[in-house]
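The values are calculated or read from the model by the stated rules, or taken from the named source; none is laboratory data. Owing to the predicted nature of the structure, the values given are computational and were not obtained by experimental measurement. Cβ sites come from the backbone with ideal geometry, for glycine too, and all protein chains shown count toward neighbours. What goes into the accessible areas is simple: the full protein's heavy atoms, side chains included, and nothing from ligands, DNA or RNA. Shrake-Rupley method; radii C 1.70, N 1.55, O 1.52, S 1.80 Å.
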Amino acid sequence: MRWSKLFIPTLRDAPADAEAPSHALLVRGGFIRQLHAGHYSMLPLGWKVHQKVAALVRQEMDAIGGQEFSLPTMHPASIWKQSGRWDTMGEIMFRLKDRRDNDLALGITHEEIFAFVATELSSYRELPQLWYQVQTKFRDEARPKAGLLRVREFAMKDSYSFDVDWAGLDAAFEAHHAAYTRIFSRLGLPAFPVEASSGAMGGNASTEFMVPCASGEDDVVHCPNCDYAGNIERATSTLPPVADDVPPAEPERFPTPGVRTIADLETFEGGAAANRQIKTLVMMIDSEVTLALLRGDHQLNEQKLIDATGAVKLRPAEAAETLAALGANPGSLGAVGVSGIRIVADEALRGRTNMTTGANTDDFHYRGVDIERDITVTQWADLRQVNAGEACPKCGHELELLRCVETGHIFKLGTVYAEKLGVMVTDAEGRQRPVVMGSYGIGIGRNMATVAETHHDDKGLIWPVSIAPYEVVLTAVSVDDTTMAAAEGLYDGLRARGIDVLLDDRDARAGVKFADAELIGIPYRVTLGPKGLAAGEVELTARATGTTERVAIDALVDQLAPTIIAQR
RNA sequence: CGGGAUGUAGCGCAGUUUGGCUAGCGCACCUGCUUUGGGAGCAGGGGGUCGGGAGUUCAAAUCUCCCCAUCCCGACCA
């Protein structure tokens, strides 16, 4: 294409509210424009990149036997009610009504819809099936941010596997794991797999693919020594043992006037170190009062509590609710002798004795508490948030915390959706059984943005050839007839080899053309100037390295075309 | 949802504290001349519901009230 005919509205300054590098550069480079919060228009350049990412993902899905579908984005409420997610999804789902007052939803994902299609499967002989689409998803995110990284309307490749048994699911899951690894490698993204919480998706196991990136919003616990990695919502660590003294025969109640915090109690005469205290958090889980117990120096990870209890909605109790449940105010709360209330205790408290905790009377605490003896724990669970520097549960090395973008997520769903929606097949023994499902997602725009996050410099974007909007830009330093004739020759020659070429034929100053070419991140620039052409030469500059070499004009196509094709 | 900030031309900003004449600057845009290998120079020109509404006032971008939007931090997040 000829630059002079294209709509590539580059900006010298990024909008003031674009903070993430990908956001600023995609706007400056004329790839995207914001319509409103979380909704972006793809301009021609942005759409080309988006299409190339999608095409690359399609190739890898087809390679593992995927079949492409396109399912509706607007769904009847009934199908979401059938799976139970109409109620559990909460505010993330856009909901609307039609003229007949029927409830409708915009799809946040498509498990229900693919499962509905899959009800036509009737025999194990038809399995396995692997279905996918690249489709728009709508999510009413509380806080869209960072340009394309977190939006409310976006294209996602979502695929779904259908198998007779769990071994089949494992195979489909592994196939996706491998395909995703290839996808991220081709995108030039240093993604690594981590254990994740399955959240509202349901299911038994899930792996997220994470790319370290300051603009991300997931914290990943990572061991630099071994391969251990986990989302902070899931990861754990090994703690040094705490030696407890022999406890008294029963807890001792003692006055603690003015003590309101763990820290207060540490310094209080007769108090205890934070790791000898029990922290009691009063939470409302689906409107049921629940106590979450942690060691005094530990933080609760709310997602862990949600996962452990199967909660739909979780929030800290309000002051009045706390007082009603325990008869005391925060600062003196405890679980000793409490009955009739669900108590979830963190694993780090298991077996601990001689602890100190609130006595459920303002200004009083207990000491000498033996957890297993004095507290009726309903459930033990890992609730504690891991901190950087704690020991790796696998190898003992110090863990680090990495800020990451989640670029893909694969789930083993099991038979939940199949049972709810009636996806049944007859097995070899003639029995009806639910199909075992998996679901697998990659956000197209988010991956595009993540590449921008990880591939840029102070001049602009640096696209890998695999998804660059154009693979080569021919920069005509002047637009006189001689230069343009030479440029046209190279343009035709490269296009004949299937190369995606942009011809900068604008009547602009060389500096402007160079700066724009660098800003939009075209991997290779061929510069045609009068001096070089007089000697039969052009310059070939690689965007990533900035290195320039002089190439005979007649040799350019033969040299450059294979270089590019090898990088696709 | 809690905290913070911002809304003036396509983009970046000044002006608002202390109300005052036709709302200004840079970039971008249009015309002409010159220039032409790293975001040109000169001259001329076009473009504005000052986020919206109500109010105070002789007079509101500026003061008051309400609303809206966007961004950042947190909560939340298949």
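Structure summary
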item: FRET efficiency, 1/(1 + (r/R0)^6) with R0 56 Å, evaluated for A:Thr547 and A:Thr119 via beta carbons; result: 0.45
item: Potential lengthening between A:Thr563 and A:Arg33 on full extension [0.36 nm per residue; Cα-Cα distance subtracted]; result: 187.5 nm
item: Length gained when the stretch A:Ala167-A:Arg100 is fully extended (0.36 nm per residue, less Cα-Cα span); result: 19.6 nm
item: Sequence of A:Lys5, A:Lys304, A:Lys420, A:Lys412 from largest to smallest accessible area, 1.4 Å probe; result: A:Lys5, A:Lys420, A:Lys412, A:Lys304
item: Cβ-Cβ FRET estimate between A:Glu347 and A:Arg260, R0 fixed at 41 Å, reported to 0.05; result: 0.95
item: Percentage relative contact order, region A:252-381, counting C-alpha pairs under 8 Å, at least six apart; result: 29
item: Residue-normalised accessible area of chain A, expressed per residue, 1.4 Å probe, Å²; result: 43
item: Added length on full extension, which subtracts the Cα-Cα distance from 0.36 nm per residue, A:Arg58 to A:Ala555; result: 175.5 nm
item: Environment charge of A:Ile285, counting only residues whose C-beta is closer than 10 Å and scoring Lys/Arg +1, Asp/Glu -1; result: +1
item: Principal axes of region A:470-566: Cα extent on each, largest first, Å; result: 33, 28, 21
item: Region A:119-196: relative contact order as a whole-number percent, Cα under 8 Å and 6+ apart; result: 28
item: Crossing angle, helix A:444-454 versus chain A [Cα axis fit, 0-90 degrees, rounded to tens]; result: 80
item: Which listed pairs, of A:Lys5/A:Lys52; A:Lys52/A:Lys137; A:Lys145/A:Lys412; A:Lys52/A:Lys531; A:Lys48/A:Lys97; A:Lys157/A:Lys313, have C-alpha distances above 25 Å, in listed order; result: A:Lys145/A:Lys412; A:Lys52/A:Lys531; A:Lys48/A:Lys97; A:Lys157/A:Lys313
item: Helix axis angle, A:510-520 relative to chain A longest principal axis, alpha carbon, degrees; result: 40
item: Chain A: angle of helix A:166-187 to the longest principal axis, Cα-based, in degrees nearest 10; result: 50
item: Alpha carbon centroid spacing (whole Å) that separates region A:493-555 from region A:136-172; result: 39
item: Cα centroid separation - region A:341-410 against region A:283-309, whole Å; result: 10
item: Cysteines without a disulfide-compatible neighbour (Cβ-Cβ under 4.7 Å), chain A; result: A:Cys213, A:Cys404
item: Largest-first principal axis extents, alpha carbons of chain A, Å; result: 98, 64, 50
item: Chain A - percent relative contact order, Cα under 8 Å, separation 6 or more; result: 17
item: Inter-label distance for A:Glu19 and A:Leu71, nm, one decimal - labels placed 7 Å from Cα along Cα-to-Cβ; result: 3.6
item: Cα centroid separation - region A:438-485 against region A:47-107, whole Å; result: 29
item: Accessible surface ranking that places the most exposed of A:Val405, A:Val134, A:Val416 first, with a 1.4 angstrom probe; result: A:Val416, A:Val134, A:Val405
item: Residue order for A:His298, A:His222 - accessible surface, 1.4 angstrom probe, largest first; result: A:His222, A:His298
item: Estimated FRET transfer efficiency (A:Glu488, A:Trp47; beta-carbon r; R0 25 Å; 0.05); result: 0.45
